[in-house]
1. Just checking, does segment 346-360 include any residue being surrounded by fewer than 18 Cβ atoms within 10 Å (Cβ to Cβ), assigned to a strand (DSSP E or B), of a type outside the set (S, T, N, Q) and under 31 Å from the mean Cα position of the chain (by Cα)?
2. For segment 157-182, which positions are in a strand (DSSP E or B) and without any contact (Cβ under 8 Å) to a residue 24 or more places away in the chain?
3. Which condition number in (1) under 25 Å from Arg74 (Cα atoms); (2) out of contact with any helix residue (DSSP H, G or I) (no Cβ under 7 Å at 6 or more places or on another chain) is the one that Leu182 fails?
4. Among the residues of segment 174-185, is any within 28 Å of Ile272 (Cβ to Cβ) and of a type outside the set (Phe, Trp, Tyr)?
5. Taking Thr120 and the conditions (1) modelled with pLDDT under 90; (2) assigned to a helix (DSSP H, G or I), which numbered condition does it fall short on, given that it satisfies the others?
6. Among the residues of segment 47-67, is any hydroxyl-bearing (Ser, Thr, Tyr), in a loop (DSSP other than H, G, I, E, B) and out of contact with any helix residue (DSSP H, G or I) (no Cβ under 7 Å at 6 or more places or on another chain)?
7. Please name all residue pairs, on different chains or six or more residues apart, with Cβ atoms under 8 Å, provided the first residue is in segment 317-346 and is closer than 15 Å to Ser303 by Cα and the second residue is among the aromatic types (Phe, Trp, Tyr) and surrounded by fewer than 17 Cβ atoms within 10 Å (Cβ to Cβ).
8. Consider segment 208-234. How many of its residues are in contact with a strand residue (DSSP E or B) (Cβ under 7 Å, 6 or more places away or on another chain) and of a type in the set (Gly, Ala, Ser)?
Amino acid sequence: MIKPSHTSLGVVGNPSKGGTRFLSKLDDLRQQIDKIDDQLIKLINRRGLLAQNIGEEKSLQGKATHFHVPQRERAILERLSDQSKGPFPSSSINSIFREIFSATLALEKPLKIAFLGPDTTFSHQVAIKHFGHSCKFNPCANIESVFTEVELGNSDYGVVPVENSIEGVINRTLDCFVDSPLHICDEAQLAISLYLLSSTADPKKIKTVYSHPQPLAQSRNWLSRHLPGVEQVPASSTAQAAELAKREKSSAAIAGQLAAEVHGLKVVAKNIQDRAENHTRFLVISKDQAKRAKKNKTSLMFSIADEAGSLLKILQLFAKNKLSLTKIQSRPLRNKPWEYLFYVDFLGHVDDKVVERVLKILGKRTLFLRVLGSYPEQGLKQA
């Protein structure tokens with residue numbers, strides 16, 4: 001911990017001219033912060049110049065299209081989190097440096113991020129949290145469009161929801177992987193905090209509440225206790241709900257904090273979700289595969305013959321090789337009634353020898369097999 005310096009405490013000015021005054025301890029601490037800020041701005045700009053030099057070197061080597069190196073960013077975050085002794089938690093350190101990464105990339109070529117829009121949705125919130133504010137964000141009308149934008153090269157990455165701890169799996173996201181060549185290169189977790197937003201701060205004046213059907217369902221008990229009899233109207237998104245609440249003075253929206261900031265709405269109540277353990281998991285998709293990290297997760301999908309014990313044999317293969325499954329989900333095969341695709345997440349990386357061995361065997365035991373990606377495993381602590 002930095003100990004405040006007291007060398008500046010004492011007489012300042014010319015006593016003979018009546019300019020004697022004593023700096024308070026508060027003034028002294030603020031001066032020390034100002035000096036640190038002056039040093040920080042010089043170091044940040046110096047870092048930016050070095051990053052530009054790296055970009056120039058990459059251009060000379062013919063690698064100008066790969067300014068963004070996610071594994072390098074992860075290594076920096078892990079190193080700094082290990083070094084930090086507080087008072088800032090690792091999550092704050094990560095947020096600060098993600099913004100520095102984002103601004104640094106913008107000096108060369110801002111990243112383009114597609115997400116399930118419109119603006120201020122939870123997908124937008126995750127995209128900002130994961131990539132920083134200096135990116136160019138591309139809101140998409142649906143999940144399929146996020147995949148398309150990345151496939152066409154209009155966006156570098158896409159952010160899509162894949163499952164919620166209360167509502168379950170987002171099947172449309174899983175279905176998109178069937179025909180898409182994209183890879184999962186990262187994942188992100190977000191604790192869903194629902195806010196009641198309105199132009200009025202008086203809940204007694206609220207006659208209508210707008211939101212997407214999921215937030216309405218996730219705060220049903222709170223609404224019945226605190227706003228009994230108020231009409232609940234589904235909207236296409238939390239963003240649309242916020243827009244309606246802004247226009248209609250006697251209405252409110254259930255949305256995230258970002259919607260309040262963007263639309264200038266008052267926060268009538270915070271954390272109105274019925275269950276505290278409300279998290280959504282998002283996938284980051286791109287054309288490139290992720291490099292190995294400290295802790296990795298692999299996602300794949302496969303289909304198997306409709307035979308007794310066929311799925312059991314697949315699961316036993318993972319158990320025998322001590323690969324921990326974190327998820328298994330089935331989806332109907334298109335145009336093939338009563339046949340299914342299975343989606344599996346497990347801990348490990350495709351470059352691990354044991355994973356290579358299991359995938360080789362799976363290729364022989366399945367009718368169809370595709371590895372969706374190996375990527376850094378994230379815990380709920382990131383939320």
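1. yes
2. Just the residues of segment 157-182 that are in a strand (DSSP E or B), to begin with: 157-164, 168-169.
Listed by number, the list holds a single entry, Gly168.
3. All conditions pass for Leu182, except number (2).
4. No: segment 174-185 contains no residue that is within 28 Å of Ile272 (Cβ to Cβ) and of a type outside the set (Phe, Trp, Tyr).
5. With (1) modelled with pLDDT under 90; (2) assigned to a helix (DSSP H, G or I) applied to Thr120, the lone miss is (2).
6. yes
7. Every condition considered, the pairs that remain are Ser330/Tyr340; Arg331/Tyr340; Pro332/Trp338; Pro332/Tyr340; Leu333/Tyr340; Leu341/Phe368.
8. Residues meeting the conditions: 2.
The values are calculated or read from the model by the stated rules, or taken from the named source; none is laboratory data. Since the structure is predicted, the reported quantities are computational estimates derived from the model, not experimental observations. Counting neighbours? That spans all protein chains shown, and the Cβs are built from the backbone with ideal geometry, glycine included.
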